[in-house]
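For reference, the structure is listed below as structure tokens.
Just so it is clear, none of the values below were taken in a lab; they were calculated from the coordinates. For clarity, every value in this text was computed on a predicted model and none was experimentally measured. For neighbour counting, all protein chains shown are included, and Cβ atoms are generated from backbone atoms with ideal geometry for every residue, glycine included.
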Ligand SMILES: [Zn+2]
């Protein structure tokens, strides 16, 4: 009997843990179809449980160093969030309805302002819930962002984007990403994201025009650039050791996987959706390289459990996809 | 004794352990940095996750968890653990892998197919029947107000006079009108609004043909085809939304598949209207061959590419001619020369010469 992983020499040893997605399309399809059926039978009430089952599978099919991730959120938790979210949205709808009767423009303005104000709360709530329910070898993730700080940041960035007619959008995306990812903890490990709005803006402008010039072909390379920008500026540090992340996805690879998925979906009349999604997850996992001197075995438990799933459910209603 | 790896919920380190399974609990021993220890967990207090049937993760709230990938260990554990408590559909799916998945998927698809092709139409018809006929009327009025067409008043009066000579055997109040359009078309809106375009009137040569055309349209109204189709379409959309929404998949392809099916569904209605139309002709002692001639007239019309409604939803003329012919031979009936009808028809034809 001995420890599986010998502790590294104090001088700092480089390692590159493998991220893998080992799910299979058949099983995933089975889960989705059972979910779909139960949702249909219960007129949608099963949704929170369906979502828990789906996330469970996707998380446990993702492995780091051959140990899988766990999503420990439950349908019951999410159902409570679901009810609260519905209540909130109905209340919001009634208020908008009343204002609409007073004056249509007033209603529309209130609606837009309401949604804008709601968004940061939703993102914050969903991040807290989702990360606190994610773990690896028993070590919980966590999101430590401060709600009022995030809401203030979001509103500031959003207003700037509106005022600049969307040109500030690249900065907004990157600044929000900087804030959110830099507040994610992996036990005692800390994620950091250091992106620059200007770089991201240049990348997008280049991608935009080249995509138009090449009649869309460059779109795949644009996508690969964005993906690389999202991945390569991320780090995970534990004490004075750190991991860097690197994307190995190229435009050509993106082209391949997207084309394949489109063919699968078209020729199976959409039934192959599950397989297509699995392909995409595999693609993403395979194309993230992690390297550095962090010792994963030394990550320790620091994060608390958080069980309020209202943000998670609201995020679904507003069609935000958070993975 | 089976091999496994233990994590203690304090750090992410894994320690190899030896696991042993008993009837009600499992036990494992380990040696960490020279310290020997032993833990045992009751089956009822553990949480089990099977990763694609190849890896097992057992976890507890307070004492950490185990990762097991030894196949013998997994099967030994499963025998004892699931014997005690059985497993849910989801767990079963995850454990048995592809074979189970395809079986379940097939069964579910069959059930869904059955719902879609059999249960739903029946249910939708049931719903349509509980709707009062005044609903059809309202629907027809609404539809008419959205269709911006010019009514030919003189022609409409003559057509109404023609139709008045026939007993339509229906409780609906029928309104006949002629509208001017370059398209050779006729349609029936729910609630009894029957419209014939003047272009089509010009092509019709005999009173029997016109009677057959009206009989077909009146039958649509009588059987409430529009309302039934609406109920069917709406419930199908609802089902698809619920089903596909739950599956997280959304594809325009489904919608198209549905449209295709709803087209064939309406063909069933067309046949019903044709056959009922024949009965109406027979009951009024009008020559049923008018229906055949009408179809020949219709099939001789050259279809522009974007031809909506009557013709495009009545595309299988050959097939229709076949079953109409068969029906006439099965129920032959004497036709009586109806002078009033002939007169009304001639007046109409004066307005719309061939
Ligand atoms: Zn028809």
Note: residue B:153 to residue B:126 extended length (0.36 nm per residue) minus current alpha-carbon separation gives 5.9 nm
In degrees, nearest 10, the alpha-carbon axis of helix A:47-60 is tilted away from the dominant principal axis of the alpha carbons of chain A by 20
Largest fluctuation, A:277, A:297, A:289 only, Gaussian network model of chain A with Cα springs under 10 angstrom, belongs to A:297
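Kindly identify the stretch A:21-68 as rounded, prolate or oblate by the Cα gyration tensor criterion: order the square roots of the eigenvalues as a ≥ b ≥ c, call it rounded if a/c is under 1.5, otherwise compare a/b with b/c, prolate if a/b is larger, else oblate.
Oblate.
From the alpha carbon gyration tensor of the stretch B:2-96, can you work out the equivalent ellipsoid semi-axes (sqrt of 5 times each eigenvalue) and give them in Å, largest to smallest? Let's see the in-between values first.
Numbers: eigenvalues 102, 37, 31 Å².
Square roots of five times the eigenvalues give 23, 14, 12 Å.
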The helix A:273-286 Cα axis meets the longest alpha-carbon principal axis of chain A at an angle in degrees, between 0 and 90 and rounded to 10, of 50
So, relative contact order of chain A in percent, Cα under 8 Å, 6 or more apart, is 25
Within the set A:234, A:100, A:280, GNM on chain A using Cα springs under 10 Å gives the largest fluctuation to A:100
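Please state the shape class of chain A: rounded when a/c is under 1.5, otherwise prolate if a/b exceeds b/c and oblate if not, all from the C-alpha gyration tensor. Please report the intermediate quantities before stating the final value.
Values: a/c = 1.34, a/b = 1.26, b/c = 1.06.
Rounded, because the longest to shortest axis ratio a/c is under 1.5.
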For the protein assembly as shown, the Debye formula with one identical point scatterer on each Cα and no solvent gives log10 I(q)/I(0) at q = 0.05, 0.06 Å⁻¹ as -0.39, -0.53
Expected max-MSF residue from A:151, A:162, A:173 in the GNM of chain A (alpha carbon, under 10 Å) is A:162
Going fewest to most other Cβ atoms within 10 Å around each Cβ, A:211, B:170 line up as B:170, A:211
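If you restrict to DSSP beta bridges whose two residues both lie in the protein assembly as shown, what percentage is antiparallel, to the nearest 5?
On the way: 66 of 71 bridges.
Beta bridges within the protein assembly as shown, antiparallel portion: roughly 95 percent.
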Among the stretch B:165-180, those whose backbone N falls under 16 Å of a label point 7 Å along Cα→Cβ from residue B:279 are B:167-172
With 0.36 nm assigned to each residue of separation and the Cα-Cα distance removed, residue A:262 to residue A:98 gains 54.6 nm
Residue span residue B:10 to residue B:181: 0.36 nm per residue of separation minus Cα-Cα distance leaves a gain in nm of 53.5 nm
